[in-house]
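Shown next, in structure tokens, is the structure this report addresses.
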Amino acid sequence: MPNSKTLTRRRFLGQAGLALAGGCLAGRLPIAFAEGGSAEPVAGLGLITDVHYADIATRGSRHYRDSLGKMRAAVTGLNELGIDAAVVMGDLIDSAGDLESEVRHLRTIDAEYARLEADRHYVLGNHCVHLLTKDEFIENSGMTSPHSSFDLAGVRFIILDSCFTSEGEPYQRGNFSWTDANLPDDQLAWFEQQLDEAPGPAVVLTHQRIDGLEGPHNVRNGAAARAIMEASGKVMLVLSGHSHQNLHEQVNGIDYVVVRAMVEGAGGENNSFGRLLVFEDHSLRLEGHVRQADVEPISAPG
Ligand SMILES: [Zn+2]
Ligand SMILES: [Zn+2]
């Protein structure tokens, strides 16, 4: 991983214990804490979510236009820090009233994301496919598939697409309610197989949440995804966006982190992005930048 040594010294010295670690629950892989300062990360994944870029006026706390400069700063920062790959975890654009504008906004913000000197991945958010079809999103961005997976330093990262209605219809052309997010059966079967075939621990990336803790921001059949994850014993962490706040919870031995939305607040001082660092023993640590929180240590249960 480029520059990891520099960044470790610059950013981590003295920040002991900001670790995300699994416990020793039955059925889970034992995952050790990485003590801050004592270990070099072996891989890094940039995390950006809920960019909501659109050339429209601010509404409430959402500063849509500012997201262009925030994305530029985040990509520059991640390039300097050094990462192997990054994920935009949904809602890359916001609604603009017509298809042509939304395509233009997607191309504009994706051109900033494309300055990243590392592999780019995408999670679909409800705003990504408010008017666009999923194929149109793919045609106008660097996304190759709505659900996918990749491996980094022995950890499998699995991207899920919950932008389906209860009837199994893919979101497009305003055909959905944002609270009606679902994972279709065929994707759940694919998910189970991905975990089955994963060589080691796994991290799951979703836009809508699957922690089961807060109604409207959760995937309606999230319990099915949780059952698959808990049975696999491989999932350390689920990263989501969609509810826009910093949040960290643990449910049945799996850590669930909501990454803070980039669109919230004016100007660069309200930017947010993170890096998920992978250590040789597969322990993880989320390093937050600007308004993104570091993830605090979790005591290993029992
Ligand atoms: Zn959002
Ligand atoms: Zn959303």
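Laboratory data are not the source of any read-out in this text; all were calculated from the coordinates shown. If you're wondering where the values come from, they're calculated on a predicted model, not measured in any experiment. Ideal geometry is used to build each Cβ from the backbone, glycine not excepted, and the neighbour counts take in all protein chains shown.
Here are a few things to note about the model shown:
- Top-ranked residue of segment 88-106 - restricted to ones that are touching a Ser or Thr at 6+ places or on another chain (Cβ under 8 Å) and away from ligand 1 (no atom under 13 Å from the Cβ), ranked as nearest to residue 138 (Cα to Cα): 106
- Top-ranked residue of segment 197-215 - restricted to ones that are within 19 Å of residue 252 (Cα to Cα) and acidic (Asp, Glu), ranked as farthest from the chain's Cα centre (by Cα): 214
- Meets criteria (away from ligand 1 (no atom under 16 Å from the Cβ), surrounded by 19 or more Cβ atoms within 10 Å (Cβ to Cβ) and either under 29 Å from residue 116 (Cα atoms) or basic (Lys, Arg) (or both)) for residue 282: yes
- Segment 245-256, subset surrounded by 17 or more Cβ atoms within 10 Å (Cβ to Cβ) and closer than 13 Å to residue 214 by Cα, residue nearest to ligand 2 (Cβ to nearest atom): 247
- Subset of segment 41-76 that is of a type in the set (S, T, N, Q) and touching a residue at least 40 places away in the same chain (Cβ under 8 Å) - its residue that is nearest to ligand 2 (Cβ to nearest atom): 49
- Residue 171 satisfies every condition listed in (1) away from ligand 1 (no atom under 16 Å from the Cβ); (2) aromatic (Phe, Trp, Tyr); (3) surrounded by 19 or more Cβ atoms within 10 Å (Cβ to Cβ) except (1).
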